[in-house]
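This report concerns only the one structure given below.
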Protein chains: 2
Amino acid sequence: MMLMAAKTKRTERRTDALSKQRIVDAAIEILDADGESALTFRALAACLATGAGAIYWHVADKNDLLAATTNDVIARVMTDVVGEAEPRDAIRAIALGMFDAIDAHPWVGAQLSREPWQFAVLQIFEGVGGQLQALGVPERAQFDCASALVNYVLGLAGQYAAGARLLARDTDRSAFLATVAARWVQLDPAEYPFVHRVAAQLSEHDDREQFLAGVDLILAGIETVG
Amino acid sequence: MMLMAAKTKRTERRTDALSKQRIVDAAIEILDADGESALTFRALAACLATGAGAIYWHVADKNDLLAATTNDVIARVMTDVVGEAEPRDAIRAIALGMFDAIDAHPWVGAQLSREPWQFAVLQIFEGVGGQLQALGVPERAQFDCASALVNYVLGLAGQYAAGARLLARDTDRSAFLATVAARWVQLDPAEYPFVHRVAAQLSEHDDREQFLAGVDLILAGIETVG
DNA sequence: ACCTGAACACCGTTCAAGT
DNA sequence: ACCTGAACACCGTTCAAGT
């Protein structure tokens, strides 16, 4: 849409050539607007005013397309996040950048946890791991520490994507959490004492704060090996 | 297969009635043998010697089927794992039980990270959270701590499932890791210094040990809030 | 070189019809 | 009540044919 702003007059014909970047942009628009299930090659082709097969000239398959859209979003996060001097703050900034990106584009969360070998995850791994030296973590422990942080972030990614998939577009999150909490309370307290106990906190908790608390927990653990 | 052991003579006709449990057992067999993509209603129906539509009498849809198979596997893990007196050991046992279950059934990892609101995740949450009181974690911090641990486990779950999906059935994991490490080394060391540094450790590291190291890291962090 | 769109080989799901 | 299997409405992907 933003790419067509310059020539808004003619909608009946596409005048500019196809490119991988234009395809990725259109795919992101569809994913953001209507979710993962709305991204089909047919819908994408219609949006780009072309045939479904044309997309295959620029993109290998659907996996490639999803990897490209995810890389696009994550690369933006990682470049936006530079400039924290303190390593601890830098890691927190990366984590929060990830959270906000997944909050804005829940499908990114699904894709990250589904294909963790893709380039996007490597960028997160580098961003987090690069701070560990400055944090005083011994060389041989750095791999485990970076892995723990990235695993944690990917765990949230999947969880958040699932939540977004479940939520109707206009259902607000607090109503949904209230429903879950109500279900938790109905469980047998003898068998599920812990879930019973925290059910009250569920509806009033803040996902972003809880996520950051987890990052801080892992950072505190990392400090003990330093 | 194990259910047919008693009457192995006749294969041309199914004699016993369908049930949700029989469907779930057959689905697990298919998933274990040939992976997530092999589980279709047609394949499942053929395996059960029935029509595709019959399955819908016992199972709401494919989501329901996958949730049921996952619950089955996780419930087995959680009952096998009871009996550790020390809360720290209990949490480690649950985590390792999860790791081994996902290692044996990689599709469980995908399902857990895709649908974290399902009952299976609640069981993990209870199992982990129930130990925090004994660990001396203050009430108001328990929710965040349990959430961090579960998020971390779900992160691994997705990663492991993706690895299994990528690996050919007979390709061994070390060969795969060597390939990834080779790719990492080829990256620009100026832009990816950390990834470059740990590439050597990638091919010789043990996933299970690294996973447990992460659990210990989080446990160490949890102790600092106690 | 790049695009078109019909065709192919699948899916999950439904439903009239059977027992 | 439970099962059957053809039919429906989709998919991703391919490919001969166009420009």
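Values in this text are rule-based calculations from the coordinates and carry no lab data. Everything numeric here is computed off the predicted structure, so don't read it as measured data. Ideal geometry is used to build each Cβ from the backbone, glycine not excepted, and the neighbour counts take in all protein chains shown.
At a glance:
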quantity	calculated
Ascending list, in nanometres, of distances separating the B:Tyr56 label from those of the other copies (7 Å, Cα toward Cβ)	3.0
Loop-resident sites, segment A:135-187, for trypsin sites (Lys or Arg not before Pro), counting at most 14 other Cβ within 10 Å (DSSP)	A:Arg169
Modelled FRET efficiency - R0 56 Å, A:Asp32 with B:Ala17, Cβ distances, 0.05 increments	0.75
For the protein assembly as shown, calculated [θ]222 nm from helices alone, where every DSSP H run of n ≥ 4 adds -39500 (n - 2.57)	-22000 deg cm²/dmol
Candidates A:Val198, A:Val150, A:Val137: whichever shows maximal mean-square fluctuation once chain A is modelled as a Gaussian network with Cα springs under 10 Å	A:Val198
Residue order, fewest to most beta carbons within 10 Å, for A:Asp100, A:Asp207, A:Asp216	A:Asp100, A:Asp207, A:Asp216
In order through segment B:177-188: 3J(HN,Hα) via Karplus (6.51 cos²θ - 1.76 cosθ + 1.60), integer Hz, x for Gly, Pro	5, 4, 5, 4, 4, 4, 5, 5, 5, 6, 5, 5
Difference of contour (0.36 nm per residue) and Cα-Cα distance, A:Ala200 to A:Thr40	53.6 nm
Label 7 Å beyond Cα on the Cβ vector: A:Leu212 copy-to-copy distances, nm	3.5
Label 7 Å beyond Cα on the Cβ vector: A:Arg22 copy-to-copy distances, nm	5.7
Inter-centroid distance (Cα atoms) of segment B:129-189 relative to segment B:201-218, Å	9 Å
Net charge of neighbours whose Cβ lies under 12 Å from the Cβ of B:Trp117, counting Lys and Arg as +1 and Asp and Glu as -1	+2
DSSP loop GluC sites (Glu not before Pro) with at most 14 other Cβ within 10 Å excluded, longest remaining stretch of chain A	A:85-190
Karplus-derived HN-Hα couplings along segment B:198-204 (A = 6.51, B = -1.76, C = 1.60, θ = phi - 60°), whole Hz, x at Gly and Pro	8, 3, 5, 6, 4, 6, 9
Average beta carbon contacts from partner chains per residue of A:206-212, 10 Å cutoff	2
